[in-house]
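The structure appears below as structure tokens.
The values are calculated or read from the model by the stated rules, or taken from the named source; none is laboratory data. Keep in mind that this is a model prediction, so the values were computed, not measured. Please note: Cβ atoms are built from the backbone with ideal geometry, for glycine as well, and neighbour counts cover all protein chains shown. Note: accessible area is taken over every heavy atom of the protein model, side chains too, but ligands, DNA and RNA are not part of it. Shrake-Rupley method; radii C 1.70, N 1.55, O 1.52, S 1.80 Å.
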Amino acid sequence: TAPVAGPGAADVSEPARAALFGPGRRATTVGLVLLTLVTAFEAMGVGTAMPAVIADLGAVSAYGWPFTAFLAASVLGTVLGGRWCDVAGPRAALLVTPVVFAVGLVVAGTAGTMAQLLIGRVLQGGSAGTQFVAVYVAIAAVYPERSRPALFGLISAAWVLPSLIGPPVAALVTEQFSWHWVFLGLVPFVVVALALVVPGVRRLRRSGP
């Protein structure tokens with residue numbers, strides 16, 4: 001996947017902290033990390049809510065299908081996302097995938113049948129896979145080379161935290177409210193992350209083939 005030239009990408013002398021959290025990139029950095037955090041929390045927390053989901057929507061024999069649908073769609077999304085970013089750069093992908101992910105959360109969170117839940121999981125998985133590629137291409141486009149390892153560290157940390165707190169938080173939400181809110185409760189965070197990322201994404205140029 002070819003990186004796209006972006007503002008500040010050639011400024012290798014810029015300190016890492018200033019490159020990540022300076023006035024021109026602070027919102028983009030927080031938005032990219034928050035997008036990853038939400039995706040990771042959904043991936044880690046949904047397993048805790050799945051017994052309640054199955055009790056409402058289907059038989060035990062269907063237990064594995066929501067996980068399979070998400071994983072298969074994420075693999076396909078990663079492949080297609082790589083091609084999309086190669087052809088058009090990460091700009092459109094970073095704007096579209098959070099919206100599709102939020103739609104998937106709503107579809108799954110309002111599901112009254114297993115079929116609807118699976119549709120929501122496919123939307124979540126496909127958009128998460130594409131978003132994963134687009135985030136990494138955007139990092140190469142927006143940030144100086146010396147600051148990228150620090151941002152990769154933040155992205156990795158965004159997967160560690162949900163692995164620790166995702167299951168207990170999902171269990172608490174399922175017990176106190178409903179399994180539906182394990183999905184629906186993440187929608188506002190997706191909206192906030194998208195709002196933070198949009199200004200930085202707008203400055204990206206469309207790449208050639």
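Using Cβ point charges alone (K and R +1, D and E -1), the dipole size of the chain about the Cα centre works out to roughly 700 debye.
In the set (1) 49, 33, 30; (2) 57, 33, 22; (3) 43, 37, 34, the label that goes with Cα extents along the principal axes in Å computed for this structure is (2). Averaged over its residues, region 91-132 has an accessible area of 33 Å² per residue, based on protein heavy atoms and a 1.4 Å probe.
Full extension of the chain between Arg202 and Ala150 yields a length gain of 16.4 nm, computed as 0.36 nm times the residue separation minus the alpha carbon distance. So what's the angle, to the nearest 10 degrees on a 0 to 90 scale, between helix 26-57 and the longest Cα principal axis of the chain? So the inclination is approximately 10 degrees.
Diffusion of region 104-209 by Stokes-Einstein, at 10 °C in a medium of 1.306 mPa s and with Rh set to the Kirkwood radius over alpha-carbon pairs, works out to 99 µm²/s. Over the chain, what relative contact order in percent results from Cα pairs under 8 Å that are six or more residues apart? Worked out over the chain, it gives 42 percent.
Estimate the FRET efficiency between Val60 and Gln116 by the formula 1/(1 + (r/R0)^6), using the beta-carbon distance for r and 22 Å for R0, to the nearest 0.05. Plugging the Cβ-Cβ distance into 1/(1 + (r/R0)^6) gives 0.70. Taking the longest Cα principal axis of the chain as reference, the axis of helix 65-88 is set at about 20 degrees. Rolling a 1.4 Å probe over the protein heavy atoms of region 115-156, with every protein chain left in place, gives an accessible area that is 69 percent carbon and sulfur. With everything on Cα atoms, drop me the angle between helix 91-109 and the longest principal axis of the chain, reported from 0 to 90° to the nearest 10. Helix 91-109 and the main axis of the chain meet at about 10 degrees.
Considering only Cys85, Leu20, Val60, and ranking their Cα positions along the charge dipole of region 15-98 that arises from unit charges at the beta-carbon of Lys, Arg, Asp and Glu, the one farthest toward the positive end is Leu20.
The accessible area of Arg91, taken with all protein chains in place and a 1.4 Å probe, comes to roughly 100 Å².
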